[in-house]
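Working notes, structure below.
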């Protein structure tokens, strides 16, 4: 692996690593966060298409790409709602684990990944380790009924949201379209669903008049940078899909730790130790799933 490929491959570490922290730092409700960040993503995607002279797909490819973007926006809305209960430092490892599980199981049962019994056994062990790692990041030394209730609500939201994240990954496969051509229509789909969500809440909140919505555009740039660098990293002439995927998953470490130290989402010393071990398990097990 050359240095240039490695640097591109670590783009998602910065983008997806800081995205939830930046979005939480700017604040606002999930409506502000989803609308601002999706608009930022669309702006980034339009500029990229113009600079790289990438044509917009048509027909089936366009429709599935838009559906893919709608799926991501739905999943992210659920994550933003979960942030309100337990904070991004606990949400990010759990939602990453759920996404890994959903994407991997889809690959196994729908796409024929992990051929052979031995591969399936190793793969299932890796998935079990991912679940254990996610549980460790959410562990609390001093539990209360309120804390347990909030965590339960957050996990339920993330379980619902993973349907959207799965659609984000699976829909482009249905259209057989590469990530770079799907990038802009995906962003358009994200904005579309965000608008529908915000308009449905107009009786409670007019996000279009609130400055924090437009501040969240900056958080969208972080997401878009990560998504684009991952698409480039996954190309065969760069890092390839397997290595590119593993490198991108390191973002969960930065997302969790930046939430703790930047947003001051406090953890005790024991909780931090258990969290770090859990993060290592998630990344290690993710590496195993793409090497099978």
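The values are calculated or read from the model by the stated rules, or taken from the named source; none is laboratory data. In this text the structure is predicted, and so the values were computed from the model without any measurement. Cβ atoms come from the backbone with ideal geometry, glycine included; neighbour counts cover every protein chain shown.
Residue-by-condition table, conditions (1) assigned to a helix (DSSP H, G or I); (2) within 21 Å of residue 84 (Cβ to Cβ); (3) at pLDDT 90 or above:
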residue	(1), (2), (3)
111	no, no, no
114	no, no, no
118	yes, no, yes
129	yes, no, yes
134	yes, yes, yes
143	no, yes, no
147	yes, yes, no
161	yes, yes, yes
(Q) Here is a check on your reading of the model: is residue 54 at pLDDT 95 or above, on the phi < 0 side of the Ramachandran plot and either surrounded by fewer than 17 Cβ atoms within 10 Å (Cβ to Cβ) or assigned to a helix (DSSP H, G or I) (or both)? (A) no
Q: Kindly establish whether residue 221 is part of a helix (DSSP H, G or I), surrounded by fewer than 22 Cβ atoms within 10 Å (Cβ to Cβ) and modelled with pLDDT of 90 or more.
A: yes
Q. How about the range 176-214: which of its residues are within 30 Å of residue 111 (Cα to Cα) and more than 21 Å from the chain's Cα centre (by Cα)?
A. 176
Q) Would it be correct to say that residue 154 is over 30 Å from residue 46 (Cβ atoms) and in a helix (DSSP H, G or I)? A) yes
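Are any of the residues in the range 229-251 modelled with pLDDT under 95, closer than 17 Å to residue 22 by Cβ and more than 13 Å from the chain's Cα centre (by Cα)?
Residues of the range 229-251 modelled with pLDDT under 95: 229-251.
Then keep just the ones that are closer than 17 Å to residue 22 by Cβ; that gives 229, 251.
Narrowing the set further to residues that are more than 13 Å from the chain's Cα centre (by Cα) leaves 229.
So far as the range 229-251 goes, yes, one or more of its residues are modelled with pLDDT under 95, closer than 17 Å to residue 22 by Cβ and more than 13 Å from the chain's Cα centre (by Cα).
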Q. Here is a list of conditions, (1) crowded, with 16+ Cβ neighbours inside 10 Å; (2) part of a loop (DSSP other than H, G, I, E, B), and residue 227 meets all of them except one; can you say which number that is?
A. (2)
Q | Number of the condition not met by residue 148 [criteria: (1) surrounded by fewer than 23 Cβ atoms within 10 Å (Cβ to Cβ); (2) more than 20 Å from residue 28 (Cα to Cα); (3) in contact (Cβ under 8 Å) with a residue 60 or more places away in the chain] | A | (3)
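Quick one: which of 199, 292, 217, 253 is more than 25 Å from residue 89 (Cα to Cα) and touching a helix residue (DSSP H, G or I) at 6+ places or on another chain (Cβ under 8 Å)?
The conditions single out 292.
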Q. Pick from 48, 80: which is in contact (Cβ under 8 Å) with a residue 60 or more places away in the chain, within 16 Å of residue 220 (Cβ to Cβ) and either surrounded by fewer than 24 Cβ atoms within 10 Å (Cβ to Cβ) or within 17 Å of the chain's Cα centre (by Cα) (or both)?
A. 48
**Q.** Residue, farthest from residue 77 (Cα to Cα), within the range 1-21, restricted to residues that are in contact (Cβ under 8 Å) with a residue 60 or more places away in the chain and not in a helix (DSSP H, G or I)
**A.** 1
Q. Looking at the range 261-273, which of its residues are modelled with pLDDT of 90 or more and buried (at least 19 other Cβ atoms within 10 Å of the Cβ)?
A. 271
